[in-house]
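Undergrad: One structure coming up, written as C-alpha cells, with questions to follow.
Rule-based calculations on the coordinates, nothing more; no lab input. A quick note: this is a predicted structure, and the numbers were derived from the prediction, not measured. Don't worry about glycine lacking a Cβ; one is built from the backbone with ideal geometry, like all the others, and counts go over all protein chains shown.
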Amino acid sequence: MREVRLNRGGRCECRAVPPMEPALKGISAFVEVWSSSRTENYSKTFEQQLLDMGAEVSKTLNKHVTHVVFKDGRLSTWKKAQKMGVKIVSVLWVEK
C-alpha cells in the first residue's frame, strides 16, 4: 500500500505504508448469534467477520476461547462462559 501526500513545496510524495496488524489478532471467539425469534442462526455471518478481522473462531466453547459473541443464544452457553471467566460481548463488538 502506498500513501500519497503533498509536501511543503506542494510536490507530491509517495511512500510505502507498512500493512496494519489485524484488529483482532490473538482473539479466539465462540459465536452464538440468533434472531430475536430464535428461528434464524446468524452465527456464520459473524464468524466470517471475525475471521476477516484476524480472530480465530472456535466451533466449541473450550478453554482456548477468549470471547463469546452472544445474542439470544442458549442460557447454558451464557452460564458456561461466565463460569469460565470468558468475556461475553454483543454483536456490536464485531462491527467493522
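Undergrad: Report, ordered by chain and residue number, the aspartates and glutamates lying within cross-link reach of K80, taken as a straight Cα distance under 17 Å and ignoring same-chain residues fewer than 8 apart.
TA: Reachable aspartates and glutamates: E32, D72.
Undergrad: Also, quick follow-up: Using a 10 Å Cβ count of at most 16 others and DSSP loop calls, identify the longest part of the chain lacking such GluC sites (Glu not before Pro).
TA: Values: sites that count: E40, E95.
Counting only loop sites that pass the neighbour cut-off, the longest clear stretch is 41-94.
Undergrad: Continuing with the same structure: Relative to the longest principal Cα axis of the chain, at what angle does helix 75-84 sit, 0 to 90 degrees, rounded to 10?
TA: 70 degrees
Undergrad: In addition: With N denoting the number of residues in the chain, provide Rg(C-alpha) divided by 2.2 N^0.38 Å, to two decimal places.
TA: Values: Rg = 19.1 Å, N = 96, 2.2 N^0.38 = 12.5 Å.
Against the empirical 2.2 N^0.38 Å value, I get 1.53 for the chain.
Undergrad: Right, next: Can you pull the one-decimal nm distance between simple spin-label points at C14 and K87, each 7 Å off the Cα toward Cβ?
TA: 3.9 nm
Undergrad: Take every DSSP beta bridge whose two residues both sit in the chain, then give the antiparallel share in percent to the nearest 5.
TA: On the way: 6 of 17 bridges.
Among the beta bridges of the chain, antiparallel pairing accounts for roughly 35 percent.
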